[in-house]
Amino acid sequence: MSDLEGLYRELIMDHSRDPYGKGDPSALAHTHHELNPSCGDEITLGVTLDDAGRIASLAWDGQGCSISMASASVMSELMEHADRDTALARIGEFREMLRSRGAVEPTEELGDAAAFQGVAKYVMRIKCAMLGWVALEACLRESQAA
Ligand code: ZN
């Protein structure tokens, strides 16, 4: 294992032990429930956007493997106060990084989410890592339509 992989592993463990943004999302304007049956992960994520289309609050609750929980946590930290377009672009970049099996290098925009690049090697874990991001994407699309 390289030093960087070790660092990333530690970051994922830290986030799964002490998840960021975990709380009751039910009072927020847009909520979405996402399930990953192949692993048993589930998450309910909610967001409220301000008048300028920025994420004013974000909360999620759920249970599952450490990758799914850590990824939702890292994402919550990364997306704080992001505007809708930036958030959607980051979700697209994260998905591309994972789907490319790690061939597409994470951009600076992804911050600590770069830690999940190694996950891309394991096809079964990609859905785990995407879970919270897909839920946020659904909330943002819904907010766009409203
Ligand atoms: Zn999982």
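Roughly how many percent of the accessible protein surface of segment 9-81 is carbon and sulfur, given a 1.4 Å probe and a whole-percent answer? Walk me through the intermediate numbers first.
Numbers: 1640 of 3620 Å².
Result for segment 9-81: 45 percent of the exposed heavy-atom area is carbon or sulfur.
Would you mind counting up the charge near Cys128? Only other residues with Cβ under 12 Å from its Cβ, with Lys and Arg at +1 and Asp and Glu at -1.
Working: positive: Arg125, Lys127; negative: Glu34, Asp41, Glu42.
Every neighbour counted, the sum reads -1.
Calculate the spin-label point distance for Thr107 paired with Asp24, positioning each point 7 Å from the Cα along the beta-carbon direction, and give it in nanometres.
3.8
Need one number: nm distance between label points at Arg99 and Glu10, each 7 Å from Cα along Cα→Cβ, rounded to one decimal.
3.4
Please quote Rg/Rh for the chain to two decimal places, taking the Kirkwood radius as Rh and restricting both calculations to Cα atoms. Walk me through the numbers before you get to the answer.
Values: Rg = 14.2 Å, Rh = 15.0 Å.
On the Cα set of the chain, Rg over Rh gives 0.95.
Would you work out which of Ala120, Ala27, Leu11 lies farthest towards the positive end of the dipole of segment 3-145, given +1 charges on the beta-carbon of Lys and Arg and -1 on that of Asp and Glu, about the Cα centre?
The Cα lying farthest towards the positive end belongs to Ala120.
Take Gln63, project a point 7 Å from its Cα along the Cβ direction, then tell me which residues of segment 19-34 have their backbone nitrogen under 20 Å from it.
The answer is 19-26, 32-34.
The values are calculated or read from the model by the stated rules, or taken from the named source; none is laboratory data. If you're wondering where the values come from, they're calculated on a predicted model, not measured in any experiment. Glycine also receives a Cβ, built like all others from the backbone with ideal geometry; neighbour counts cover every protein chain displayed. Note: accessible area is taken over every heavy atom of the protein model, side chains too, but ligands, DNA and RNA are not part of it. Shrake-Rupley method; radii C 1.70, N 1.55, O 1.52, S 1.80 Å.
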